[in-house]
Amino acid sequence: MHIRPERADDADAIAAVTHAAFQDHPHSDQTEHLIIAALRAADALALSLLAEVDGQVVGHIAFSPVSISDGSHGWYGLGPISVLPEKQKLGIGTTLIETGLSLLRADQAQGCVVAGDPAYYQRFGFRHNCALTYPDLPAEYFLALPLQTGSAQGVVSYHPAFSAQA
Ligand SMILES: CC(C)(COP(=O)(O)OP(=O)(O)OC[C@H]1O[C@@H](n2cnc3c(N)ncnc32)[C@H](O)[C@@H]1OP(=O)(O)O)[C@@H](O)C(=O)NCCC(=O)NCCS
C-alpha cells in the first residue's frame, strides 16, 4: 500500500471511494464526497491523502481547519475518511490516520478533532475532552487529540463546506 497526497486529477477517484464507503453507513446522508469537493474548492483541504494498492485508489482521508470559539489556531478536523468496502479491516484506515496525524504533528499543528465512533478513534489517542465541545453531537462522539502542549477551550466549528448539499 502506498499513501500519497492528492493530485489535480484525483478528484473523481476520491469521490468514488468516498461514495462507496459511505453508501450503507447508517449515519450518512451521502454528502461526504460533496463536502470534500467543497473543501477543495474553498482551498480548505489542509491534508488530502490517498491510499493506493496496485495503482487503485482504495482509501482517502481529509483534514481541514476547524475554528474554536476561544480563538485558538492550528486545530484540524479529521474526516471524511473512507476505505472501499471490500478493502476494509486490512489496516488501510489506520495507516491513513497515522500518516495524517504524523504530518500534522510535523507541521506543528496544535491538535485534531474527530466526530465519530470512539471505539475506533480512541486507538489513535483521541479522547472525549470536556474543554472542546461540538453541540451537534452527543459528547461521547466528539473526540480531540492535542498534538502540542498548549490547550484550547471552547466550541468547535467545522469549515462551512461541511454543510455542502447535493
Ligand atoms: C472507518 C474506516 C475508514 C476504517 O477503515 P479500515 O481500513 O476498515 O480500518 P482498519 O483496518 O485500519 O481498522 C479496522 C478496525 O477498526 C474497526 N472499525 C472500523 N470501523 C469502525 C467503527 N465505525 N467503529 C468501531 N470500530 C471500527 C474494525 O472493527 C477493526 O477492528 P480490529 O482492528 O479490532 O479488528 C472504514 O471502515 C470506512 O471507510 N467505513 C465507512 C466510512 C466511515 O464510517 N467513515 C468514518 C466516519 S466517522
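Using the charge dipole of the chain (Lys, Arg: +1 at Cβ; Asp, Glu: -1 at Cβ; taken about the Cα centre), state which of Thr18, Gly71, Gly150 has its Cα farthest towards the positive end. It is Gly150.
The length gained on full extension between Ala131 and Asp54, counted as 0.36 nm times the residue separation minus their Cα-Cα distance, comes to 23.4 nm.
Using the alpha-carbon atoms, what tilt in degrees (0 to 90, nearest 10) does helix 92-106 show relative to the longest principal axis of the chain? Approximately 50 degrees, to the nearest ten. In the context of the full set of protein chains, residues of region 2-163 present 50 Å² of accessible surface per residue (probe radius 1.4 Å, heavy atoms only). Extension gain, Gln23 to Gln108, is 27.1 nm, computed as 0.36 nm per intervening residue step minus the present C-alpha separation.
For Gln110, the residues whose amide H sits under 5 Å from its own are Trp75, ignoring neighbours fewer than 5 places away on the same chain, with H placed 1.01 Å from N.
Across region 131-142, computed HN-Hα scalar couplings (Karplus, 6.51 cos²θ - 1.76 cosθ + 1.60, θ = phi - 60°) run 6, 10, 10, 9, x, 6, 9, x, 3, 6, 9, 10 Hz from first to last residue, x flagging Gly and Pro. Would you mind pulling out the separation of the Cα centroids of region 87-153 and region 1-59, in Å? When both Cα centres are located, 18 Å separates them. For Glu86, the solvent-accessible surface with a 1.4 Å probe is about 130 Å², rounded to the nearest 10. Estimated from helices alone, the mean residue ellipticity of the chain at 222 nm is -7500 deg cm²/dmol (sum of -39500 (n - 2.57) over DSSP H runs with n ≥ 4, per residue). Between Ser69 and Tyr141, the modelled label-to-label distance comes to 2.0 nm, taking each label 7 Å out from Cα in the direction of the beta carbon. A full extension of the chain between Asp43 and Thr94 corresponds to an added length of 15.8 nm, given 0.36 nm per residue minus the alpha carbon distance.
If you model the chain as an ellipsoid using its alpha carbon gyration tensor, with each semi-axis the square root of five times an eigenvalue, the axes come out at 24, 17, 16 Å, biggest first.
Against the chain, whose longest principal axis is taken from its Cα atoms, helix 32-41 shows a tilt of about 80°. Here's how it looks for His128: its modeled amide H is under 5 Å from those of Ala144, which are all 5 or more places away or on a different chain.
When the residues Arg123, Arg105 are ordered by accessible surface, computed with a 1.4 Å probe over the protein chains alone, the sequence from largest down reads Arg123, Arg105.
How many percent of Cα pairs in region 89-166 exceed 17 Å?
Across region 89-166, Cα pairs with separations above 17 Å total 51 percent.
The phi torsions of region 64-72, fed into the Karplus equation with coefficients 6.51, -1.76 and 1.60 and a -60° offset, translate into couplings of 9, x, 10, 9, 10, 5, 7, x, 4 Hz, rounded to whole numbers, with Gly and Pro shown as x.
The values are calculated or read from the model by the stated rules, or taken from the named source; none is laboratory data. Nothing here was measured: the structure is a model prediction, and the numbers come from that model. Backbone-built Cβ (ideal geometry, glycine too); neighbour counts: all protein chains shown. Please note that ligands, DNA and RNA were not included when accessible areas were found on the heavy atoms of the full protein model with its side chains. Shrake-Rupley method; radii C 1.70, N 1.55, O 1.52, S 1.80 Å.
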